[in-house]
Amino acid sequence: QNDLAVQKKKIEEVETWLKMHIVQRQPKQSGSVLLLTGPPGCGKTATLQILARDLGLQVQEWTNPLSLDFTKEDLRNMFGHDSNFHTFPSQAQAALFQDFLLRANKYNKLQMLGESSENDKKLILIEDIPNQFYRDPGSLHEILRSFVRRSRCPLVFIISDNFSGDSNQRSLFPAEIVEELCICNISFKPVAPTNMMKVLNRIAAAEASMNRENYTLDRTSLELLCRGCSGDIRSAINSLQFSSTKGCSLEKEFWSKKKKSSTIKCDETGVSKVRKKSKCNTSEDQEIQAIGGKDASIFLFHALGKIIYCKREAMSQAECPQLPAHLSGHRRDTLLIQPEEIVEKSHMSGSMFNLYLHQNYVDFFSDIDDVVRASEYLSTADVLCSNWSARLVMESYSASVATRGVIHSNTSRAFAHQQGGMGFRPLHKPQWFLINKKYQENCIAAKSLFSSFCLPPECLQTELLPYLAVLANPMRNQAQIAFIQDVGRLPLKRHFGRLQLEALGDKDPGVPE
């Protein structure tokens, strides 16, 4: 456990769950399901395997069947002259999966030579989920319901998060199923750079003691590699191994002779300090990518936070460009982020990102004049995307105007020393989603309920229904009356109630289902 680069709290959570549902399990206790989620390479599988070994548990893992045994007769039937290619001599993955769960639950693992026969405590691990369940999650839910009723051992699913908005976890394990089957979800975070450095240093020390006795690893290059791997320790170890291979162009950057190590380290730290201060055109990200880094991605929640909280770096009077007197109000400290890169890493279109920004920016402003300026920038950004034929080209410019406009307009966060603004506020999903959904539903309902008028849905709701609401016509059915009351009448209240806002979670995707 000490070798794991995972937060101690997460290891304890998994260990507590395993002890509760395996070691201290009651005889008639129903089956239990654990769901481990987190980004790739954050130690989910390693944690489970090590804890299982420590607790003396057998792990029976499901792997999707790849090879199918075809006979000559099968191939003739499939590719013969009379074949319609509908026959395929294979069993469905879902059926094989169900059969595996039944057998794994019913029978103990085969006892290998040298293994003790006392250990019958086990868990079933599923990391490679059959593809059929992505298309039809309902079939997985049925299998899980029957498993929980009959099971004698726990079931563990491991799912890696995807930044691009794919909703694997939410489609396979929706909230109602998690609640119904009492599924426990433990979410892992990316590996912290300090933990990653410790692990890589340990690996490098072991490597040096075996193969490179006269060499030492360059710390600056290692730090650069850690930052480039976005918390994925598997990627970091692979990059280190690749960069250390004989003949690799990066080998000399990573490994240097011991005699020169002190001077090299001094030079490198000097360079890194200069690099931090200087605002070069070639960003650090490009240098990091050169050392086997992976594409960095940010969840929408964090991307919005980076724009709205807009952290800055203090600048001295000498470094700061002097603005003329009439523009002195526009002076700002240097931003620590590049707004365009943040939008790109959030894997969202510019217009969709603007929608979230527009919903949330007001709560973080303390001056009404700042809000006016920010809303003008957002309006300009909206106009840039108004022409559908040029929208694809203009979206990146639109996002740039909106993000930089909102950042620049917030004078309470203009300088690094200011802790202004409104502090922490929860982020919300745009009301536009709810209103648009309601509008679509109203259009469908209006069309079906008042089809005899032969009018488009917009005309029905804006021109016809307000008049029908005034007329006391008893010939309408109950559904029509209810719809007329909802759409055709404005509320009598002088102030409209605000729509219920839906909170944005730290791992929610941008685009709704």
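In segment 125-239, counting only strands (runs of 3 or more DSSP E) that sit wholly within it, the ones holding 3 or more residues that are in contact with a helix residue (DSSP H, G or I) (Cβ under 7 Å, 6 or more places away or on another chain) and over 30 Å from L96 (Cβ atoms) span 215-217. For L501, the conditions (1) at pLDDT below 85; (2) open to solvent by less than 60 Å² (accessible area, probe 1.4 Å); (3) not in a loop (DSSP other than H, G, I, E, B) all hold with the exception of (3). Set side by side, the residues A192, A175, A205 differ, and just one is open to solvent by 20 Å² or more (accessible area, probe 1.4 Å) and within 16 Å of D232 (Cβ to Cβ), which is A192. If I filter segment 355-363 for residues that are part of a helix (DSSP H, G or I) and open to solvent by 60 Å² or more (accessible area, probe 1.4 Å), do I get at least one hit? Yes, some residue in segment 355-363 is part of a helix (DSSP H, G or I) and open to solvent by 60 Å² or more (accessible area, probe 1.4 Å). Any idea which residue in segment 364-380 is farthest from the chain's Cα centre (by Cα), counting only those that are open to solvent by 60 Å² or more (accessible area, probe 1.4 Å) and within 19 Å of L335 (Cβ to Cβ)? Per the criteria, the residue is R373. Cβ-Cβ distances below 8 Å connect the following pairs, each with a first residue in segment 440-468 that is among the charged types (D, E, K, R), a second residue that is outside any helix (DSSP H, G or I), and a separation of six or more residues or different chains: E463/L455. Residues satisfying the criterion are absent from segment 409-421 (criterion: modelled with pLDDT of 90 or more, open to solvent by 80 Å² or more (accessible area, probe 1.4 Å) and either closer than 25 Å to F299 by Cβ or of a type in the set (F, W, Y) (or both)). When each of V401, V383 is tested for being part of a helix (DSSP H, G or I), open to solvent by less than 50 Å² (accessible area, probe 1.4 Å) and either touching a strand residue (DSSP E or B) at 6+ places or on another chain (Cβ under 7 Å) or of a type in the set (A, V, I, L, M) (or both), the lone residue that passes is V401. Among the conditions (1) at pLDDT 70 or above; (2) loosely packed, with under 13 Cβ neighbours inside 10 Å, K277 misses just one, which is (1).
Kindly provide the set of residues from segment 305-345 that are polar (S, T, N, Q), at pLDDT below 85 and open to solvent by less than 60 Å² (accessible area, probe 1.4 Å), ordered by number. Once the filter is applied, which keeps residues that are polar (S, T, N, Q), at pLDDT below 85 and open to solvent by less than 60 Å² (accessible area, probe 1.4 Å), segment 305-345 yields only S316.
The values are calculated or read from the model by the stated rules, or taken from the named source; none is laboratory data. This one's a predicted model, so the numbers in the text were calculated from it and none came from an experiment. Heads up, the Cβs are rebuilt from the backbone with ideal geometry, glycines too, and the neighbour counts pull from every protein chain shown. Note: accessible area is taken over every heavy atom of the protein model, side chains too, but ligands, DNA and RNA are not part of it. Shrake-Rupley method; radii C 1.70, N 1.55, O 1.52, S 1.80 Å.
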